[in-house]
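Here is the structure we will look at.
Derivation of every value follows stated rules applied to the coordinates shown; laboratory data play no part. These numbers were taken from a predicted model, which means no experiment stands behind them. Here the Cβ is made from the backbone with ideal geometry for all residues, glycine too, and neighbour counts use every protein chain on show.
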Amino acid sequence: MPDWKQIVHKNFRVLGICSPELTEELAAHLEDSYEGLLCEGLPAEVALQNTIGQIEGRCRVWLVMRFLQEELMAGFIREAALPGLLTSAAAGFFYWALALDHISPKVLWLVGGQSPLWWWCLLPIWGALGALLSRRNGGSRLQRIAASLLPSAILGTLILLIFVVGFTLSGLVNHYQLVSGRLESLGLVPPGFVVMPAALSLLGAGIAEVSTKKFRTLRTRA
Amino acid sequence: MASVNAQIKRGSAELAVLTLLAEHPLHGYEIAKQIEEQTGGVLRFDMASLYPMLHRLERKSWVKAEWQTLPNGRRRRCYRLTASGRKQIAPLRAQWRAFFQALQSVTGFQNA
């Protein structure tokens, strides 16, 4: 009899979706399925191939995707969206407060435009804050990543919306220069204002993750 | 045998599973097998559809899962319907009935 737990564990060691309990449950399903096929009169080799086929290739991808989707959506508001929105609000408030005091920060020129240098420096902190708040609410690893990336995701969505509206208006006036200008910007702005902030936020989340683990280890030893 | 569109299958899956569990607790493989047998193979749930859905139902507290040791010594995670889950069956049935009646009035098919 094949070691079903080992087979499941080998196939689903992705993003930590497979807890020991889930591994045992899926292994039990495969075991029953294999025996069912044997009872139907299939040769052992064919039964084994059919059974393993349930968790390989396309089936494996679907199973991983469904579990990731379920995990991400479970308690999404409390564990990812709320920490992410709080982080976005904190970042927005900080930006507004400095602007109100006429503090003119150093400017970092980047593809697609410019943004204050301190804003870039703070991104890892916001990312870490989102991830930590999510962890505090019991968020999974995937939800912690989502929480840290939410500000960038919101920014990205807004930029895309602006582009959609812009393209529509350009189409209405049928002006070649407007359309080509927007196409050019579409290649420049998202990397500068979405992808790079997302990378920095993710860096902060990663640092928070490692720090929390080390802190816990030290506390356990103490 | 006519195949059923994936969206319709997904929507009907919860009702099918809850109805089955209303009779007696079952583990994942038994649920999949019984649905397949009772529908003559029209509804067939693979692992990718079944387990994420069962875990979702568990999170909603519509079903409760417990590990049980079978007479042959094997451990299986059996799902049983909770009181909250039992309450969902009637509204889900009503929704599906309304859906089929609406479809019937448009397409004119009888007793699907």
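Ordered by packing density, taken as the mean number of other Cβ atoms within 10 Å over each peptide's residues, highest first, how do B:72-83, A:28-39 rank? Walk me through the numbers on the way to the answer.
Working: B:72-83: 15.4, A:28-39: 18.2.
The densest-packed peptide leads the list: A:28-39, B:72-83.
Using the number of other C-beta atoms within 10 angstrom as an exposure proxy, rank A:Trp4, A:Trp120 with the fewest first. Kindly include the intermediate steps, with their values, before the conclusion.
Numbers: A:Trp4 22, A:Trp120 15.
Ascending Cβ contact count within 10 Å gives the list A:Trp120, A:Trp4.
If you average the C-alpha positions of the stretch B:43-88 and of the stretch A:1-70 separately, how far apart do those two centres end up, in angstrom?
That distance is 17 Å.
At 37 °C and a viscosity of 0.692 mPa s, what translational diffusion coefficient does Stokes-Einstein give for chain B, taking Rh as the Kirkwood radius over Cα pairs? Give it in µm²/s as a whole number.
Numbers: Rh = 15.1 Å.
The diffusion coefficient I find is 217 µm²/s.
Report the label-to-label distance for A:Gln69 and B:Glu23 in nanometres (one decimal), using points 7 Å from each Cα along the Cα→Cβ vector.
For the pair A:Gln69/B:Glu23, the computed spacing is 2.9 nm.
Take B:Trp96 and A:His9, extend 7 Å from each Cα along the Cα→Cβ direction, and tell me the distance between the two endpoints in nm.
Label at B:Trp96, label at A:His9, 3.9 nm between them.
Stretch A:Glu45-A:Ser211 to full length: gain in nm at 0.36 nm per residue minus the Cα-Cα span?
Values: separation 166, 0.36 × 166 = 59.76 nm, distance 4.88 nm.
Once the chain is fully extended between A:Glu45 and A:Ser211, it gains 54.9 nm.
What FRET efficiency do you get for B:Lys64 and B:Gln104 if R0 is 45 Å and r is their Cβ-Cβ distance, rounded to the nearest 0.05?
Working: r = 36 Å, r/R0 = 0.80.
So the FRET efficiency works out to roughly 0.80.
Fewest to most neighbouring Cβ within 10 Å: what's the order for B:Asp46, A:Asp3? Kindly include the intermediate steps, with their values, before the conclusion.
Details: B:Asp46 13, A:Asp3 10.
In increasing order of surrounding Cβ atoms, one gets A:Asp3, B:Asp46.
Where Rh is the Kirkwood radius over the Cα pairs of the stretch A:4-73, the temperature 37 °C and the viscosity 0.692 mPa s, what D in µm²/s does Stokes-Einstein return?
Translational D for this selection: 261 µm²/s.
How many partner chain Cβ atoms sit within 10 Å of a residue's Cβ in peptide B:46-57, on average, as a whole number? Before the final figure, lay out the partial values.
On the way: counts 5, 13, 12, 3, 3, 8, 9, 2, 1, 7, 5, 0.
The shielding value for this peptide is 6.
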